[in-house]
Amino acid sequence: MTIKEILAHLGGVFPMDEAVVEALPPGRTFVSVEHFGTSAWTITGRITALGPDNSEEYYFVKIAYGETGRIMLGGEYESSKVIYETMSDFIPEPFGYGKYHAPGPETYFYLSEFVDMDVTTPPDPAEFTSRLARLHKMSKSPTGKFGFAVQTCDGDRAHVVDWQDSWAVFYRNLFLGVCELDLKRNGPWPEYERAIDQVAWKVIPRLLDQLQADGRVLKPCIIHGDLWEGNMGINMETGDSLLFDAGSYFAHNEMELGHWRCEFSSVFRSEKYTKAYLSHYPAAEPSEEFNDRIRLYSLKGAINYSAGHPGSDLRKTAYNNMCFLCEKYAPIEGIDKYDPLIDPALTGASIVPHLADGLI
C-alpha cells in the first residue's frame, strides 16, 4: 500500500508503539502523539512528553514499513547523527531508531527533536550556503574514503555507498545503482541505456579522475544527500536554516549541488545559491569544468526521481543531459543530439514533487 492508502486505513489514529516511548530521552514521560506533516514515504507525527521538571516537550517521529523502512530510517538516523555531531545547530537532534515491538507488519521508527520550522520561505542564500559549506568543510570521513557506514536512501530508493578511495569509482557505482532501479521500474530504452554505459565508463573517468590526479587531494565531505528546498526549513525560534530528511554519504562536496539543477529544485536552481556557495567553498580544479560536473551529478537526482515516480519527465531530462556530456567528452553513435530547448536548467521548467500523491 502507498502511504496515502495506509493513512486512510488508519483512520486518523497514529500507530504508536512502546519502542518509541523507550527511545525518548531519560526522565521523559509519554503523554500523547498526533499526526504531523506529510511525507510521500513515511508516516510522521509529533509526540508530547513531560520532562524531568514536568514541563511539556515535543518530539518528532516517523515510521515506515518492511525492509525498505528499515534501510530508509536507519540510514536517516545515522546520517542525522553525523550531521548533528559535526554541526549541532544545522539539523534536529536525533534520539533513536528501531523496530516496533508489536506483532504484525515490520514497522520501524526514527525519533528526533521537534523543531518548529518555516518550510515555505526560501532561505537567505548567504546564510544558508555559508552553513552548508561549513558542514562540508568541518566533516571528516571516518575511513578517509568516499561512502558511508550504512546504506542510506533518497526517497525510498537505497544508495550504493560502499567505501571507495576513488571518487570516480564511488560516483559510478552510485550512478549505476540508480540507473538499475530506474530500468526496473520504467522499462528498457536502448538509446538511454547506451548513454548510461558511455557516461559510466567514459564520461565519469574523464571528468572525475582528474579531481584526484597530479597530486590533487579531494576531501570526502558529509553531504545531506537529497538536498532541495523541500528538505530544509528555517528555525522559527533562532532564524537559522535547518536540514532534515538526510540520506547522507561522504562525497565530493559539489555533489550536494547536483540536485539544484533538477526540476524539483525550483528555489535552489536560482544561480544566486550556487554563486553564494562557491564564495564559501570554491570550485575544485579544473574549475572550468565545474558546470559540467554539476550536470553529471544532477543525473543521480533526476534518475532517482524517475525511479520513484514512473513516467516522470525527469528521465528524459537525464537522457538529454547524458547526450550533452557524451557529445562533449565521449562522442558515440546511437544516441540523440543534446537539445537545449528541453533542458529545464535553461527553460526554467519545474515540477512540484509528489503532487500526484497528494502529499505536498
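We did not get these values from a lab; they are worked out from the coordinates using the rules stated. Given the structure is predicted, the values throughout are model-derived calculations rather than measurements. Backbone-built Cβ (ideal geometry, glycine too); neighbour counts: all protein chains shown.
Could you work out how far helix 271-280 tilts from the main Cα principal axis of the chain, as a 0 to 90 degree angle to the nearest 10?
Value to nearest ten degrees: 80.
On a 0 to 90 degree scale, rounded to 10, what angle separates helix 314-329 from the longest Cα axis of the chain?
The two axes meet at around 40 degrees.
Angle, helix 290-308 long axis vs. longest principal axis of the chain, Cα atoms, 0 to 90°, nearest 10?
For 290-308 against the chain, the angle is about 50 degrees.
How far apart, in nanometres, would the label points at residue 216 and residue 240 be if each is projected 7 angstrom from Cα along the Cα-to-Cβ direction?
Taking the two extended label points, one gets 3.3 nm.
Between the alpha-carbon centers of region 138-174 and region 26-82, tell me the distance in whole angstrom.
Answer, in whole Å: 26.
Between 349, 15, 27, whose Cα lies farthest towards the positive end of the dipole of the chain when Lys and Arg beta carbons carry +1 and Asp and Glu beta carbons carry -1, centred on the Cα centre?
Checking the options against the dipole of the chain, the answer is 349.
Can you give the relative contact order of the chain as a percent, counting alpha carbon pairs under 8 Å and 6+ residues apart?
That works out to 17 percent.
How far apart, in nm, are the 7 Å Cα→Cβ label points at residue 150 and residue 202?
That separation, rounded to one decimal, is 4.1 nm.
How large is the charge dipole for the chain, taken about the Cα centre, if only the Cβ atoms of Lys, Arg (+1) and Asp, Glu (-1) carry charge, to the nearest 20 debye?
820 debye
Could you tell me the calculated FRET efficiency between residue 50 and residue 278, based on Cβ-Cβ distance and R0 = 45 angstrom, to the nearest 0.05?
In this case the efficiency is close to 0.45.
Please tell me which of these pairs span more than 19 angstrom C-alpha to C-alpha: 145/219; 81/300; 184/316; 137/275?
Table pairs above 19 Å Cα-Cα are 81/300.
Quick check on region 3-114: take the gyration tensor over C-alpha atoms, sort the square-rooted eigenvalues as a ≥ b ≥ c, and tell me if it's rounded (a/c under 1.5), prolate or oblate.
oblate
For region 97-250, what class follows from the C-alpha gyration tensor (a ≥ b ≥ c being the square roots of its eigenvalues): rounded when a/c is under 1.5, otherwise prolate if a/b is larger than b/c, else oblate?
Since a/c reaches 1.5 but b/c is at least a/b, the shape of region 97-250 is classed as oblate.
Just to compare against my own numbers: the Cα pair-distance distribution for region 256-349, 5 Å bins, whole % per bin, please.
Pairs per bin, as whole percents: 2, 13, 22, 25, 20, 12, 5, 1, 0.
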